[in-house]
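**Q** Okay, handing you the structure first.
The values are calculated or read from the model by the stated rules, or taken from the named source; none is laboratory data. On a predicted model such as this, the values are computed, not experimentally measured, just so you know. Cβ coordinates were reconstructed from backbone atoms using ideal geometry, including for glycine residues, and neighbour counts include every protein chain displayed.
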Amino acid sequence: MSPSYQDLLGQAREVISEVEPSEVAPGVAAGNGPLIIDVRETAEWDQGHLPGAVHIPRGFLESRVAGMAPDRGQAIIVSCASGQRSLLSARTLHEMGFTNVTSLAGGFARWKQNNYPVVVPRALSAAQRSRYSRHILIPEVGEEGQMKLLDSKVLLIGAGGLGSPAAYYLAAAGVGTLGLVDDDEVDESNLQRQIIHTTDRVGMNKGESAKVAIAALNPEVQVNVHPFRVNRDNVLDLLSQYDVVVDGADNFPTRYLMADAALMTNTPLVHASILRFEGHASVFTPYDGPCYRCLFPEPPPPDLAPSCGEAGVLGVLCGVMGNIQATEAIKVLLGIGDTLSGRLLIYDALDMTFTELKVRRDPDCPSCGPNADLQLRDYEAWCAGVGGHDHVGATA
Amino acid sequence: MVKIPPVLRHAAGGTPTVQVGGATIGEVLIALCEAHPAIGAQILTPEGELHKFVNVYLNDEDARLLQWVDTPVGDDDTLLILPAMAGGRA
């Protein structure tokens, strides 16, 4: 005779032990207890769950458990609403080779009755769950990571070659607020690479034009247009409003100013620069890794610093480098993976090679070294060789 | 072997690498600038020092953290000249 539901529960109890909330509570309170997998449906989870628990709806248990519990010998407690689905789920895990699985007796209901702490998650809406479903499936991102991105604010210096792809992908990824600093207008010659702009928006401010594109892609993203150049007077106020800055500037005065301001405001700076077929990328984490001036202590004079406008740039290169920036910004925001902090990535599109150089903190760094005199310098004047710094005569 | 970045390649006749001799980084750079004076004009100050916006890597290590221009080099080493690049927005 086919087993009844009660039979199935009975069979599960033969191989799975049940643990009372009182046995589980100390580990939960200390944050060092076993992994708790809540197998209820999403709507139930959203009403509240055990602190520190992870959510895998029972229907996805077999396919997703390895992402949450890579070690089959690790201690796992499965929980549900009343302790029955968890028992059946625990048995499934047992059959999958997990050797230390128990079921929370009485489930979330008994946990709550005993007045143990409960977390009511801030949940994504159904529309957000659908839009960001491919992120949510990644264990390193998940719903929590996606909510972090939605709460994050990224400032992009420039909405041009690098800013176009970076802003587009950050918007698609659901970074909640994007600031776009650009005083320039869309020109026809930009469209070979600045893919966030369109032919019918030639003449529009680049930030405004990017805002139109972002609104069409992801209307949930708040876009702050800053239609001016960053300078000594506005940079600190601007940076203080954001979590990460993505530098896609086209000139050295802005890059050096951003490098110093990022240190002053303790803002991680995601760097990339491009010319012809070559791109550089790095991440400068204030006082934890090297800064831009550990790598290049002083800016070059303008006659030795060709811009893309003079030297040209392969349009596609912007996509590669801008998306490396977007990737690094997301990793910094989520605190996952190894960023390019301490490394300079050099991409040569002509040879199709990626080269990595070590970048170390310079003990004599004029911006972040122990004897640094960190201040917002007039790099415009310095780069132009007309004063603004003690050493200007030696370099300009 | 000295790797020439794209920004300096026109000064080296368009070539991405140059073979020059020398027992130290400094000697290699002098030989490079003698062979290609246009590179010297870009990376050296009038006093003959390297500009501070130019970095030199021996293999993947910052030469300033080795013995800078006095760092010994062998035949198999690769020297990379790395000037700062600014492009991005325009």
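**Q** Filtering region A:251-269 down to residues that are among the polar types (S, T, N, Q) and modelled with pLDDT of 95 or more, which residue is surrounded by the most Cβ atoms within 10 Å (Cβ to Cβ)?
**A** Among residues in region A:251-269 that are among the polar types (S, T, N, Q) and modelled with pLDDT of 95 or more, the one surrounded by the most Cβ atoms within 10 Å (Cβ to Cβ) is A:267.
**Q** Exactly one of these conditions fails for residue A:245: (1) more than 14 Å from chain B (Cβ to nearest Cβ); (2) assigned to a strand (DSSP E or B). Give me its number.
**A** Answer for residue A:245: the failing condition is (1).
**Q** Kindly indicate whether any position in region A:19-26 is more than 30 Å from residue A:129 (Cα to Cα) and in contact with a Ser or Thr (Cβ under 8 Å, 6 or more places away or on another chain).
**A** The initial filter retains those residues of region A:19-26 that are more than 30 Å from residue A:129 (Cα to Cα), namely A:19-26.
After this cut, where a residue has to be in contact with a Ser or Thr (Cβ under 8 Å, 6 or more places away or on another chain) as well, the list is A:19.
Yes, there is a match, as at least one residue in region A:19-26 is more than 30 Å from residue A:129 (Cα to Cα) and in contact with a Ser or Thr (Cβ under 8 Å, 6 or more places away or on another chain).
**Q** Right, next: Determine which member of the set A:290, A:300 is touching a residue at least 12 places away in the same chain (Cβ under 8 Å), facing another protein chain (nearest Cβ under 8 Å) and either of a type outside the set (Gly, Ala, Ser) or under 28 Å from residue A:236 (Cβ atoms) (or both).
**A** A:300
**Q** Select, from B:4, B:30, B:39, the only residue that is out of contact with any Ser or Thr (no Cβ under 7 Å at 6 or more places or on another chain) and either buried (at least 19 other Cβ atoms within 10 Å of the Cβ) or among the hydroxyl-bearing types (Ser, Thr, Tyr) (or both).
**A** Numbers: B:4 fails: out of contact with any Ser or Thr (no Cβ under 7 Å at 6 or more places or on another chain); B:30 fails: either buried (at least 19 other Cβ atoms within 10 Å of the Cβ) or among the hydroxyl-bearing types (Ser, Thr, Tyr) (or both).
Selected residue: B:39, the only one of B:4, B:30, B:39 that is out of contact with any Ser or Thr (no Cβ under 7 Å at 6 or more places or on another chain) and either buried (at least 19 other Cβ atoms within 10 Å of the Cβ) or among the hydroxyl-bearing types (Ser, Thr, Tyr) (or both).
Let's see how each residue does on (1) touching a Ser or Thr at 6+ places or on another chain (Cβ under 7 Å); (2) surrounded by 15 or more Cβ atoms within 10 Å (Cβ to Cβ); (3) in the same structural domain as residue A:294 (by TED's automatic domain parsing):
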site: A:328; (1), (2), (3): yes, yes, yes
site: A:340; (1), (2), (3): yes, yes, yes
site: A:343; (1), (2), (3): yes, yes, yes
site: A:347; (1), (2), (3): no, yes, yes
site: A:352; (1), (2), (3): no, no, yes
site: A:359; (1), (2), (3): yes, yes, yes
site: A:364; (1), (2), (3): no, no, yes
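**Q** Strands (runs of 3 or more DSSP E) wholly in region A:7-114 with at least 3 residues that are surrounded by 14 or more Cβ atoms within 10 Å (Cβ to Cβ) - which ones?
**A** It comes to A:35-38, A:76-79, A:101-104.
**Q** Sort out which residues of region A:198-237 are more than 23 Å from the chain's Cα centre (by Cα), under 29 Å from residue A:260 (Cβ atoms) and not in a helix (DSSP H, G or I), and write them in order of number.
**A** Result: A:205, A:227, A:228, A:229, A:230, A:231, A:232, A:233, A:234.
Residue by residue, here is whether (1) assigned to a strand (DSSP E or B); (2) over 17 Å from residue A:328 (Cα atoms) holds:
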{"site": "A:254", "(1), (2)": "no, yes"}
{"site": "A:257", "(1), (2)": "no, yes"}
{"site": "A:262", "(1), (2)": "no, no"}
{"site": "A:272", "(1), (2)": "yes, no"}
{"site": "A:279", "(1), (2)": "yes, no"}
{"site": "A:286", "(1), (2)": "no, no"}
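**Q** Now a separate question. Residues being of a type outside the set (Phe, Trp, Tyr) and more than 16 Å from residue A:13 (Cα to Cα): count how many of those fall in region A:77-118.
**A** 11
**Q** What do you reckon, is residue A:281 more than 9 Å from chain B (Cβ to nearest Cβ), in contact with a strand residue (DSSP E or B) (Cβ under 8 Å, 6 or more places away or on another chain) and buried (at least 20 other Cβ atoms within 10 Å of the Cβ)?
**A** Values: more than 9 Å from chain B (Cβ to nearest Cβ): yes; in contact with a strand residue (DSSP E or B) (Cβ under 8 Å, 6 or more places away or on another chain): yes; buried (at least 20 other Cβ atoms within 10 Å of the Cβ): yes.
Judged against the criteria, residue A:281 is a match.
**Q** Across region B:1-39, what is the number of residues that are within 14 Å of another protein chain (Cβ to nearest Cβ), free of Cβ contacts under 8 Å to residues at least 60 places away in the same chain and either charged (D, E, K, R) or under 14 Å from residue B:69 (Cβ atoms) (or both)?
**A** Adding up the residues that qualify gives 1.
**Q** Ok, one more. Would you be able to say whether some residue in region B:3-26 is among the β-branched types (Val, Ile, Thr), at pLDDT below 90 and part of a helix (DSSP H, G or I)?
**A** Scanning region B:3-26 turns up at least one residue that is among the β-branched types (Val, Ile, Thr), at pLDDT below 90 and part of a helix (DSSP H, G or I).
**Q** I need every pair where a residue in region A:178-193 that is touching a residue at least 60 places away in the same chain (Cβ under 8 Å) and in the same structural domain as residue A:276 (by TED's automatic domain parsing) has its Cβ under 9 Å from the Cβ of a residue that is assigned to a loop (DSSP other than H, G, I, E, B) and surrounded by 24 or more Cβ atoms within 10 Å (Cβ to Cβ), sequence separation at least 6 or different chains.
**A** A:193/A:160; A:193/A:161
**Q** Filtering region A:322-339 down to residues that are within 14 Å of chain B (Cβ to nearest Cβ) and aliphatic (A, V, I, L, M), which residue is farthest from the chain's Cα centre (by Cα)? Full working, then the answer.
**A** Start the filter on region A:322-339 by keeping residues that are within 14 Å of chain B (Cβ to nearest Cβ), which leaves A:322-326.
Of the ones still in play, those that are also aliphatic (A, V, I, L, M) are A:324, A:326.
Details: A:324: 12, A:326: 8 Å.
Among residues in region A:322-339 that are within 14 Å of chain B (Cβ to nearest Cβ) and aliphatic (A, V, I, L, M), the one farthest from the chain's Cα centre (by Cα) is A:324.
**Q** Is it the case that some residue within region A:238-250 is within 21 Å of residue A:166 (Cα to Cα) and at pLDDT below 90? Working first, answer last.
**A** Residues of region A:238-250 that are within 21 Å of residue A:166 (Cα to Cα), as a first pass: A:238-250.
Filter again for at pLDDT below 90, leaving A:250.
Taking every residue of region A:238-250 in turn, at least one turns out to be within 21 Å of residue A:166 (Cα to Cα) and at pLDDT below 90.
**Q** Given A:124, A:162, which one is at pLDDT 95 or above and in contact with a helix residue (DSSP H, G or I) (Cβ under 9 Å, 6 or more places away or on another chain)?
**A** Residue meeting the stated conditions: A:162.
**Q** Within the bounds of region B:29-52, is there any residue that is touching a strand residue (DSSP E or B) at 6+ places or on another chain (Cβ under 6 Å) and small (Gly, Ala, Ser)?
**A** No, region B:29-52 has no match at all.
**Q** Right, here's the next one. Restricted to region A:158-197, and to residues that are assigned to a strand (DSSP E or B) and among the aliphatic types (A, V, I, L, M), which residue is nearest to the other protein chains (Cβ to nearest Cβ)?
**A** Let us first name the residues in region A:158-197 that are assigned to a strand (DSSP E or B), namely A:177-181, A:185.
When the remaining residues are screened for being among the aliphatic types (A, V, I, L, M), the result is A:178, A:180-181.
Details: A:178: 15, A:180: 11, A:181: 9 Å.
Going through the qualifying residues, I end up with A:181.
**Q** Could I ask something else about it? Within region A:179-200, track down each residue that is touching a helix residue (DSSP H, G or I) at 6+ places or on another chain (Cβ under 6 Å) and buried (at least 17 other Cβ atoms within 10 Å of the Cβ).
**A** A:180, A:182, A:184, A:186, A:193, A:194, A:195, A:196, A:197
**Q** A further question follows. Within region A:126-133, identify whether any single residue is in contact (Cβ under 8 Å) with a residue 60 or more places away in the chain, closer than 30 Å to residue A:65 by Cβ, away from every other protein chain (no Cβ under 14 Å) and outside any helix (DSSP H, G or I), and answer yes or no.
**A** no
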